[in-house]
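The structure appears below as structure tokens.
The values are calculated or read from the model by the stated rules, or taken from the named source; none is laboratory data. Please read all numbers here as calculations on a predicted model, not as lab measurements. All Cβ positions, glycine included, derive from the backbone under ideal geometry; neighbour counts span all protein chains shown. Only protein heavy atoms, including side chains, enter the accessible area calculation; ligands, DNA and RNA are left aside. Shrake-Rupley method; radii C 1.70, N 1.55, O 1.52, S 1.80 Å.
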Amino acid sequence: MRSLLGLNATLAFLLELALLAAAVAIGLLLPAPLPVRIAVAVLLPAAVVAVWSVWMAPRAGRRLPARGRLLVQVVLFALAVLGLAALGQVLWALVLAVLVAARLGLAVRTGQV
């Protein structure tokens, strides 16, 4: 069980980084003028970081309970998957979706949710 907890923590961290990378990619892939794409590529991950730091981080002042954090994670990752797919990055969207599902499955299996 201990190894599953470590694996899940590692996977969670890597997926959080992937979420930020997806936010940047979504901004850069938008069919818009370059300045707009750059602005979105900066602001979108900043919004994700803001949400995560206020409601999700272990030391957040307004940290949500476990079910609330799960809901926010599902929403953020679903938006990233949909955004990537809508912009033609279906393979990356699928990879992200499968890895998120595996991580959430591990969280359920280990009793973290």
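Tabulated values for the structure
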| item | result |
| --- | --- |
| Top-ranked residue of region 77-95 - restricted to ones that are of a type in the set (A, V, I, L, M) and under 11 Å from the mean Cα position of the chain (by Cα), ranked as surrounded by the fewest Cβ atoms within 10 Å (Cβ to Cβ) | ALA78 |
| Scope region 1-22; condition touching a residue at least 12 places away in the same chain (Cβ under 8 Å) and over 16 Å from LEU99 (Cβ atoms); matching residues | MET1, LEU5 |
| Options VAL100, VAL74, VAL54: the member that is open to solvent by 30 Å² or more (accessible area, probe 1.4 Å) and within 25 Å of LEU4 (Cα to Cα) | VAL74 |
